[in-house]
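These notes concern the structure reproduced below.
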Amino acid sequence: MTPPIRKFLLTVMLLGAGMTFVRGASPDESFRSGVAAYNRREFTAAARAFGDSAAQQPAAGALQNLGLTEWNRNRIGPAIQAWEQVLLLNPYNEAARMNLRFARKFAQLEAPESTWYEAASMWLPVNWWAWIAGVSFWFAVGVAVLPGFLRRRKAAWQQALAAAGLMTFLLSIPALVGVQTRSHIGFVLEKGTPLRLTPTREAQTVTLLAPGEPARWQRGRRNYIFVRTSHAAGWLEREQLGMVCPP
């Protein structure tokens, strides 16, 4: 599992266990500040507050509002990135899904191309797959080993439970792979972002990318990353692409 998705999953799991360590304003305080600023139509301050809240505690509510705030600032790329992050945490969030559909129709953008295992990983929240894989694997091992440890004969129902646990574990593997590969997807943040032939500012421009256009990270070199879009491949500066799973 790549470092970005591992870090993201660890953050969510720690939050679920109530182990959040925050400096300065808490996520709730930042969220309330964002709501107040949004209601005053101070969208720059609202975006900063919602961004702080989401950075401390990744939550669908803060990211959803961050997307709305960025949209009101005419920043399509960051808005799409925020709503994609909502669906990473909660694929059942219809508000974010409708916002993405509207934004892409408005900006004439395509959704990221997905493999079948990436599509499977979207069935459940991203952190669930790690729990399902871990629990099912150790459940299968426990049911299979425990009767022998207790020197008892393994019953047919125990074999069936072990088989079910192992099957669940094996079925979760493609989704885990999909979670990892989805972490390589990002979105162009600014209008007219140049896609370059080589990783230098003096390099020839292959094409100009639209804000919110999806691109898949391939490799990095110093301050540049090589990406592929649906119609081109080339180099971007790292800060020009907002990853769905921030490093």
Practice problem: Would you mind computing Rg(Cα) / (2.2 N^0.38 Å) for the chain, counting N as its residues? | Solution: 1.19
Quiz item: What nm value, rounded to one decimal, do you get for the distance between Arg221 and Phe106 when each label is placed 7 Å out toward the C-beta?
Solution: 3.7
Quiz item: Which of Leu197, Ser183, Tyr38 sits closest to the plus end of the dipole of the chain, meaning its Cα is farthest towards the positive end, when Lys and Arg get +1 and Asp and Glu get -1 on the C-beta?
Solution: Ser183
Quiz item: Taking the Cα centre of the chain as origin and charging only Cβ (+1 Lys, Arg; -1 Asp, Glu), how large is the dipole, in debye to the nearest 20?
Solution: 540
Quiz item: Label points 7 Å out from Cα along the Cβ direction at Gln158 and Met98: separation in nm?
Solution: 5.3
Exercise. Compute the relative contact order of the chain as a whole-number percentage, counting only Cα pairs closer than 8 Å that sit 6 or more residues apart in sequence.
Key: 18
Quiz item: What is the pair-distance distribution P(r) of the range 116-182, computed from all Cα-Cα distances in 10 Å bins starting at 0, with each bin given as a whole percent?
Solution: 23, 40, 22, 12, 2
Quiz item: In the neighborhood of Asn74, defined by Cβ-to-Cβ distances under 12 Å, what is the net charge if each Lys or Arg adds +1 and each Asp or Glu adds -1?
Solution: +1
Practice problem: Rank these for me by crowding, Arg238, Arg221, going from fewest to most other beta carbons within 10 Å. | Solution: Arg221, Arg238
Quiz prompt | Debye, to nearest 20: dipole size of the range 118-236, +1 on Lys, Arg Cβ, -1 on Asp, Glu Cβ | solution = 460
Quiz item: What value, in deg cm²/dmol to 500, does the helix sum -39500 (n - 2.57) over DSSP H runs of n ≥ 4 give at 222 nm once divided by the residues of the chain?
Solution: -18500 deg cm²/dmol
Quiz item: Considering the dipole of the chain built from charges on the beta carbon (Lys and Arg +1, Asp and Glu -1) around the Cα centre, which of Gln158, Leu208, Leu68 is farthest to its positive end?
Solution: Gln158
Exercise. Treating the angle as unsigned and between 0 and 90°, give the value, to the nearest 10°, between the Cα long axis of helix 3-16 and the longest Cα principal axis of the chain.
Key: 70
Self-check item: Residues Glu84, Glu202, Glu118, Glu110, sorted so that the one with the fewest Cβ neighbours within 10 Å comes first
Solution: Glu202, Glu110, Glu118, Glu84
Practice problem: Between Arg41 and Ser230, with labels modelled 7 Å along Cα→Cβ, what's the label distance in nm to one decimal, could you check? | Solution: 3.5
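Throughout, read-outs are computed from the coordinates displayed, never taken from laboratory work. Owing to the predicted nature of the structure, the values given are computational and were not obtained by experimental measurement. Cβ coordinates were reconstructed from backbone atoms using ideal geometry, including for glycine residues, and neighbour counts include every protein chain displayed.
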